[in-house]
Amino acid sequence: MARTEYIGAERISGPFVFLPGITGVGYDEIVDVLSGDGTARRGQVVLVDEKATLVQVFEGTDGLVPSSTAVRFLGHELEIALSPSILGRTFSGLGEPRDGCGDVLGGIRRPVNGAAINPMAREYPRDFISTGISSLDVLLTLIRGQKLPIFSGNGLPHNRLAVQIATQSKLVGAENFAVVFAGIGIKHDDAAYFQRTLSSYGQGGHFVLFLNLADDPVIERIATPRFALTTAEYLAFDLGMHVLVIMTDMTSYCEALRELSVARGEVPSRKGYPSYLYSDLAALYERAGVLRNGRGSVTQIPILTMPNDDITHPIPDLTGFITEGQIVLSRDLEARGVYPPVDVLTSLSRLMKDGIGKGFTREDHPDLAGQLFASYSRVMDVRALAGVVGEDEVSPTDKSALAFGEAFENTFLKQEGDENREIGQSLDLGWQLLAALPESELSRLSMDEIEKFIRKK
């Protein structure tokens with residue numbers, strides 16, 4: 001229901017309409033901005049204080065004249081229409097249909113500014129989500145209800161990896177699995193790639209896409225992940241589905257947040273980002289989880305590009321504090337033709353230990369993963385030594401480590417963009433690689449495991 005309409009603005013600057021201080025107006029409230037000819041544009045209140053009310057117009061302010069501009073306050077925040085029919089649909093960053101299939105009908109409307117799951121209502125995440133990618137499934141295992149970001153860089157194939165994870169992921173033993181994919185501030189060709197690939201995969205029946213383009217209004221970038229997460233919560237906690245949310249690129253989101261903060265006149269913090277960047281990101285990431293006695297779950301994979309490949313930049317730095325690990329993409333591996341270029345030694349899945357082994361993946365999984373980490377770490381040390389003295393001067397044991405490193409990168413880490421490896425296949429491949437090492441180098445394995453998986457091969 002509409003509230004009061006105010007005619008006349010103090011000034012208009014960029015996408016912002018400045019009004020005098022107005023009582024009874026809420027932060028994030030949605031408005032209709034009316035031009036002199038009665039044409040309506042949608043906007044959102046982004047600042048409220050005693051002296052001024054600031055409205056950001058989604059469609060921009062071109063053609064608006066301060067004296068004839070009217071603002072109608074609608075009395076509610078951003079909402080999204082939800083129903084089971086949203087599966088297979090593609091929307092804009094503001095939840096508007098982009099697939100030509102019309103509005104979502106026959107469901108409910110829900111505010112997009114949801115809240116984090118109450119810690120007392122959470123179930124500890126344990127179940128293994130298969131991605132079909134050996135480096136992730138064996139060494140950086142994704143657990144249902146986890147938030148596991150991907151740290152990438154400009155030019156690295158994170159979009160290709162995101163699509164592969166989206167199309168191949170499954171919760172073993174569960175049929176009600178869905179993927180909500182949010183593109184934030186993406187280029188038009190990337191949006192076309194996401195829509196073409198995901199909409200056509202299995203007729204798109206378990207996907208929901210939100211695509212916010214780079215030339216869309218800044219405020220839409222801030223809204224896009226909230227629309228995606230609200231959709232995921234509806235699918236998970238209303239319909240009982242297990243939902244994987246992939247959001248790319250969170251760096252675009254944070255930059256939009258910084259731009260809006262500057263427009264509000266807020267005091268900047270690290271590298272110009274607002275001081276509340278941590279709490280804002282936490283409000284998004286903490287919407288992942290498994291409800292105790294609940295039917296569904298929300299798992300998150302946020303993807304961010306590190307400015308200048310700097311992992312200490314505020315965005316990856318704060319993200320790492322909030323989430324349960326990180327998957328780091330390596331520019332060196334990518335240059336050597338390894339896809340996906342996952343740097344397993346700088347990556348981590350903190351919940352991995354609770355979702356692998358007997359009853360989850362396979363009983364040999366924990367020890368195999370530990371030995372692969374240890375052996376590949378030694379490869380890095382030997383490569384550094386060989387770089388100084390030359391490969392011909394290192395010991396036979398060191399030469400076997402170098403050979404293991406090459407095989408590990410080119411057969412275990414490396415796979416095709418549409419290659420979907422079952423977990424058993426990935427584990428067996430790991431044992432095959434370890435069999436080429438001297439038994440003296442297998443310090444993380446028991447004699448029973450060496451006898452069962454190494455000597456009998």
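Every read-out reported here was derived from the displayed coordinates using simple, explicitly stated rules and does not represent laboratory data. All values derive from a computational prediction rather than experimental measurement. Please note: Cβ atoms are built from the backbone with ideal geometry, for glycine as well, and neighbour counts cover all protein chains shown.
Computed quantities for the displayed model
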quantity	calculated
Karplus-derived HN-Hα couplings along the range 421-435 (A = 6.51, B = -1.76, C = 1.60, θ = phi - 60°), whole Hz, x at Gly and Pro	8, 5, 4, x, 5, 5, 5, 4, 5, x, 5, 4, 5, 5, 5
Pairwise centroid distance, computed over Cα atoms, of the range 384-457 with the range 232-277, Å	40 Å
Full-stretch length increase - residue 331, residue 295 - with 0.36 nm per residue and alpha-carbon distance subtracted	9.0 nm
With at most 15 neighbouring Cβ atoms within 10 Å, loop GluC sites (Glu not before Pro) (DSSP) excluded, longest segment of the chain	60-174
Pairs of lysines in the chain (C-alpha under 30 Å apart; 8 or more residues apart or interchain)	29
Residue 52 long-range amide H proximity, modeled H, under 5 Å	21
In the range 5-88, trypsin sites (Lys or Arg not before Pro) in a DSSP loop with at most 12 other beta-carbon atoms within 10 Å	51
0 to 90° range, to nearest 10: angle between helix 188-200 axis and the chain longest Cα axis	70 degrees
J(HN,Hα) series, the range 247-263, from Karplus relation 6.51 cos²θ - 1.76 cosθ + 1.60, nearest Hz, glycine and proline x	10, 9, 10, 5, 5, 4, 4, 5, 5, 5, 4, 5, 4, 5, 4, 4, 4
The range 152-199 shape via C-alpha gyration tensor axes, a/c threshold 1.5	prolate
In sequence order, calculated HN-Hα J values of the range 169-181 (Karplus, 6.51, -1.76, 1.60; Hz; x Gly/Pro)	5, 7, 9, 4, x, 10, 8, 8, 10, 9, 10, 9, 10
Bridge type composition, the chain - antiparallel percent by DSSP, nearest 5	60 percent
Options (1) 15; (2) 27; (3) 45 - which one matches percent of Cα pairs over 40 Å apart as calculated here	(2)
Overall form of the range 259-320 per C-alpha gyration tensor (a/c, 1.5; a/b vs b/c)	oblate
Simple spin-label estimate for residue 4 and residue 168 in nanometres, 7 Å along Cα-Cβ	5.8 nm
Selection of trypsin sites (Lys or Arg not before Pro), the range 217-325, meeting DSSP coil and at most 14 other Cβ within 10 Å	292, 295
The range 254-321: chymotrypsin sites (Phe, Trp or Tyr not before Pro) in DSSP coil with no more than 15 other Cβ atoms inside 10 Å	276
Gain upon complete extension [residue 350, residue 62; 0.36 nm per residue less C-alpha separation]	98.8 nm
Computed lengthening from residue 50 to residue 188, 0.36 nm per intervening residue step minus Cα-Cα distance	45.6 nm
